[in-house]
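Notes follow the structure.
The numbers here are math on the coordinates, done by the rules we state, and not lab data. The model shown is predicted, which means the values in this text are computed figures rather than measured ones. Here the Cβ positions follow ideal geometry from the backbone for every residue, glycine too, while neighbour counts run over all protein chains shown.
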Amino acid sequence: MTAKKLETATLGGGCFWCTEAVFDHVKGVEEVISGYTGGNAPGRPTYREICSGLSGFAEVVKIAYDA
């Protein structure tokens, strides 16, 4: 059996739950992980702080797909 070759992409598109829901149903996508990138707040900011737009963080999804 040959192992699949997976590539990854990290995408920002507003609310990560909405973006994740779309890619969960795309053929060839093996995994979708929601998270945050960027930002300037020390420590681990809360979801409310991130959604305020003041922390500099962006909601993103990391997608592993069959190349």
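Projecting each Cα onto the charge dipole of the stretch 6-66 (Lys/Arg +1, Asp/Glu -1 at the beta carbon, about the Cα centre), which of A21, G53, L11 comes out farthest on the positive side?
Ranked along the dipole, the leading option is G53.
If you stretched the chain out fully between Y47 and E30, how much longer would it get, using 0.36 nm times the residue separation minus the C-alpha to C-alpha distance?
Between Y47 and E30, full extension yields an extra 3.5 nm.
Given Cβ point charges of +1 (Lys, Arg) and -1 (Asp, Glu) and nothing else, what value in debye, to the nearest 20, does the dipole of the chain about its Cα centre take?
Magnitude of the dipole: close to 100 debye.
What does the charge count near A64 come to, summing +1 for each Lys or Arg and -1 for each Asp or Glu among other residues with Cβ under 9 Å from its Cβ?
With Lys, Arg at +1 and Asp, Glu at -1, the neighbours total -3.
Ratio of the chain's C-alpha Rg to 2.2 N^0.38 Å, to two decimals?
1.30
Going by average Cβ density within 10 Å per residue, which order do the peptides 43-52, 16-25 take, highest to lowest?
Averaged packing, sorted descending, gives the order 16-25, 43-52.
Sequence gap at least 6, Cα distance under 8 Å: using those rules, report the relative contact order of the chain to the nearest whole percent.
Normalised by residue count, the contact order of the chain is 51 percent.
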